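Trainee: Take a look at this one; I'll ask things after.
Nothing in this text is a laboratory measurement; each read-out follows from the coordinates by a stated rule. Fair warning: this is a prediction, and the values are worked out from it, not measured in the lab. Virtual Cβ from ideal backbone geometry, glycine too; neighbours counted across all protein chains shown.
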Amino acid sequence: MIVNVKVAPNSKKSGVERIGENDFRVKVDAKAEGGRANRRLVEIVAEFFQVPKSSVRIVKGFKSRNKIVEIEKI
């Protein structure tokens, strides 16, 4: 499954909000420095979709707030 994610780094609380069929807004409680927000994004998305972290991969947008994320359903 491919989803579009808009990331809000350095938020007080982390969470996922569905804004469309394949569009999500994810609040990340980590700063966007040194890839920390991307690692935390993978953890949050994996928890939301109830899959292992290894099943979540950022396909496009490593340095952008708008990302394309691939989730492998098991």
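Trainee: Could you check the range 36-57 and list, in sequence order, the residues that are touching a residue at least 12 places away in the same chain (Cβ under 8 Å) and either touching a Gly at 6+ places or on another chain (Cβ under 9 Å) or assigned to a loop (DSSP other than H, G, I, E, B) (or both)?
Mentor: The answer is ILE44, PHE48, VAL51, PRO52.
Trainee: ASN10 - would you say it is in a loop (DSSP other than H, G, I, E, B), surrounded by 11 or more Cβ atoms within 10 Å (Cβ to Cβ) and touching a residue at least 24 places away in the same chain (Cβ under 8 Å)?
Mentor: yes
Trainee: Across the range 28-43, which residue is farthest from LYS53 (Cα to Cα) among those that are among the basic types (Lys, Arg) and surrounded by fewer than 17 Cβ atoms within 10 Å (Cβ to Cβ)?
Mentor: Among those that are among the basic types (Lys, Arg) and surrounded by fewer than 17 Cβ atoms within 10 Å (Cβ to Cβ), it is LYS31.
Trainee: Still on this structure: Looking only at the range 13-24, how many residues end up being closer than 19 Å to SER55 by Cα and in a strand (DSSP E or B)?
Mentor: Total meeting the criteria: 4.
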